[in-house]
Structure formats: C-alpha cells, structure tokens
Amino acid sequence: MKTVLVSGGAGYIGSHVTVELVQSGYNVVVADNFSNCDRTCFEGVQKILGRELPLEVVDFCDAAASDALFAKYHIDAVIHFAAFKAVGESVADPLKYYGNNLESFVNVISAARAHGCNNILFSSSATVYGETDKLPVTEQSERQPATSPYGNTKQICEDILRDCVKAYEGIHGIALRYFNPIGAHPSALIGELPRGVPANLVPYITQTAIGKRECLSIFGNDYPTPDGTCLRDYIDIVDLAKAHVAAVTRMVDGRMKLDYEIFNVGTGKPVSVMELVTTFEKVNNLKLNYRIAPRRPGDVTAIWADTAVGEKELGWKATRTLDETLASAWAWEKKLAGK
Ligand code: UFG
C-alpha cells in the first residue's frame, strides 16, 4: 500500500481528496496547522471512512517540522495544498502570501527529497492563465502576468516544481490547474467552510439562501458574454478530488510521460454567473435574493478548460452534473445550519 501525505488535508479540497485516496486504497497522512480551517472537515472525513486517520498538526513553514514528518512516515507521494488562498487579502498583505505559500512549498520539496519521496503534486489554479480570448485554455496556453500576489504564488510554485524536477534526479512533479471547485461530498459530512464573508460565488449563494447573508451581489452584467455575466468552469469537488487520485496513481506507477506534467482540472463547459444562480434556484426549489452590482476589480470575463489532455493522459473526466453539485452545496449548508 502506498502512502500519500496530504498537506492542508483538513481544508476544503484536501478533505475531499483524502476521502477519495483512502477509498482508492491509499494510506493517507493528513497534515494541517488549522490556521485557516477547523476540525469539522477532518472529523467528517473520518465519519465518511468509518475510521481514524493519522493527523499531524504541522506548519510547513517550519523546515525542521516538515523534515520530521517525512522522517516519521515512509511517504511515496505528497500532495501540497497548504496555502493561503484569498485573492483580496493577498493584495492587502503580499508578504503574508509570499512568505507562507512559497516557504511552505520549498520546505515540503526539500523534506521530500531528503527522505526519498520523489512524487510531488502541486495544487495550482486556472488563475495562472489570466485574461485571454483564446478559449478554452489548454495546458499549452501561455500564462499571463498574475493579477494578484496569490496568483503569483501559484505561478512561482509551478516554476519551483518545474525547476526542482529539472535539477534533481528522480523527482517527478505534477501541477493540477483547478478551475472553479464547488459543491460538497454527497454525504454532506464535508464541504466548503469559509471563514467570515465568503469571497467565492457558491458559498455566498448558499449563505444567502440560508439567511446568513441578505443579498447576493452579481458582479457585473455588462460583460461581452451571452447574458452579460462572467463565464467560469465550475468543477464538482468530488470530481476534482478524483483527478488527484488519477494523477497520484500515474506518478507512483511510473506512468508519467514527462518528469513534470501539467493538467487542467475542469469540465470544459462555460457557465455564467446568472445561469449558476438560476440553476441553484431550480434544483433546490427556492428563490434567491440577488441584485446586479458593479463589476469586481480583477475578474476576468471568461475562462474555461480544454480537458482533452487530462482525459487522455489521466483517464479522468468530470461526471457530476451542475444540478447534482449545486444540490450538494445546498445540502451541506443546511447541514451546517442544523436544518
Ligand atoms: N461572483 C459574484 N458575486 C459574488 C462572488 C462572485 O457575482 O459574491 C462572480 C465573480 O464575479 C465571478 C464568478 O462569480 O464572475 C466566480 O467568482 P469566484 O470568486 O467564485 O471565483 P473566481 O473565478 O474569481 O476565482 C477563481 C479561483 C481563485 C482564483 C481566482 C483568480 O477560485 O482561486 O479565480 O481570479 F484566485
């Protein structure tokens, strides 16, 4: 049995990935410093799996602690999620982002290397593509200059991984570029748990529907798109988690074609903000309080994935429908509210 270390494994994406890895026959060590999440999802993961998992409370900015973790377990692959992710906050406090997101990744790679763990998977983002009119974006599409320090840390971490793979014999790296992950596990035991006011669309929608927020603002309806609202590629969180299992398996089975590979993780289907809102209302049989607001600075008009490479190389494809995903997001919000 292979062992995978999931850094940031108690967070939104990490917890769903942990479930899928264990259900696919991997040993998983979850590591998190709980700086941006509580124990809810980790406990939910254990409930779904019906057993306890090893949990290490580690800050990967602590090089010695990172090293000790790799010394304690025999780790075959590491998936690195541990990072800050709020775009606005990164603009206000760039050093927080450069300090944490870069240092933790450098420490993870160094510790992995020192202990013979050669397989490193990095959680990147479609944000690296920036604003482009060549849609859908492929893995070969040129990256645009980052529009926020957060986005820049994703680009720099991709480069760090690429350079390490090139320099250090034996190391393999995969960067997965996520589009917009949404939804929750069908059990409603794990899901997105934003702190404070949500910055992302779906948690804002579910919190408005439950009554925690008064009204959803739709940021701009004058974009050059069919209904004037922005287009995104919303990928179900469980589908996204399964892409990680496929990528890790490709690595540990020695099936990579290049030592450093990049894959888009999306559905390939653009959905507008308005379409998402009306689909949410339809599948959950409710009315959402919303208004049209000015554009949000920094938003790109449209982005969606070309998924052909991932389908061919990872043998992975998104399968859950937007209806199912939005129903799962609502079920999770209701569960949190005890309804
Ligand atoms: N939106 C609203 N109202 C809200 C929140 C969002 O209308 O209250 C709109 C946005 O304007 C955008 C769409 O919903 O058109 C999606 O917005 P999100 O904030 O959910 O997602 P983004 O596409 O902005 O975010 C993604 C990734 C981030 C990444 C960012 C880069 O989730 O990790 O792109 O800009 F950093």
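The values are calculated or read from the model by the stated rules, or taken from the named source; none is laboratory data. Remember, it's a predicted structure, so these values are computed and weren't measured experimentally. Here Cβ is always computed from backbone atoms with ideal geometry, including for glycine, and neighbour counts include all displayed protein chains. The accessibility values were calculated without ligands, DNA or RNA, using every heavy atom of the protein model including side chains. Shrake-Rupley method; radii C 1.70, N 1.55, O 1.52, S 1.80 Å.
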Among G99, G50, G315, the residue with the largest mean-square fluctuation in a Gaussian network model of the chain built from Cα contacts under 10 Å is G50
proj_area_mean for region 236-277 (convex hull on C-alpha atoms), units nm², value 3.8
Of the listed links K96/K242; K2/K242; K166/K257; K257/K312; K2/K85; K134/K312, those spanning more than 19 angstrom between alpha carbons are K96/K242; K2/K85; K134/K312
For G220, other-chain or 5+-apart residues with amide H closer than 5 Å (H placed, Pro excluded) are A293, R295
Sequence order, region 102-113: Karplus ³J(HN,Hα) from phi using 6.51 cos²θ - 1.76 cosθ + 1.60, θ = phi - 60°, Hz rounded, Gly and Pro as x, gives 7, 4, 5, 6, 4, 5, 5, 5, 4, 5, 4, 4
Interchain or sequence-distant (5+) residues whose placed amide H lies within less than 5 Å of the amide H of I235 are N180, I182
Carbon and sulfur atoms account, in whole percent of the 1.4 Å probe accessible area of region 285-335, for 54
Measuring from the longest principal axis of the C-alpha atoms of the chain, the long axis of helix 201-210 (C-alpha) lies at a number of degrees, nearest 10, equal to 60
Rounded to two decimals, the Debye log10 I(q)/I(0) of region 102-232 (Cα scatterers, no solvent) at q = 0.10, 0.17, 0.20, 0.21 Å⁻¹ is -0.48, -1.09, -1.24, -1.27
By the Kirkwood definition, with r running over pairs of different Cα atoms, the chain has a hydrodynamic radius in Å of 20.2
Given 37 °C, 0.692 mPa s and a Kirkwood radius over Cα pairs, the Stokes-Einstein diffusion coefficient of region 66-140 in µm²/s is 227
In degrees rounded to 10, the 0-90 angle between helix 149-167 Cα long axis and the longest Cα principal axis of the chain is 30
Answer in debye to the nearest 20: the dipole magnitude of region 1-92 about its Cα centre, from +1 Lys/Arg and -1 Asp/Glu charges placed on Cβ, is 260
To the nearest 10 degrees, the tilt of helix 322-336 (Cα long axis) against the first principal axis of the alpha carbons of the chain is 80
Taking only the Cα positions of region 8-59, the convex hull volume per residue in Å³ is 61
Length gained, T319-E214, 0.36 nm per residue minus C-alpha separation, equals 34.5 nm
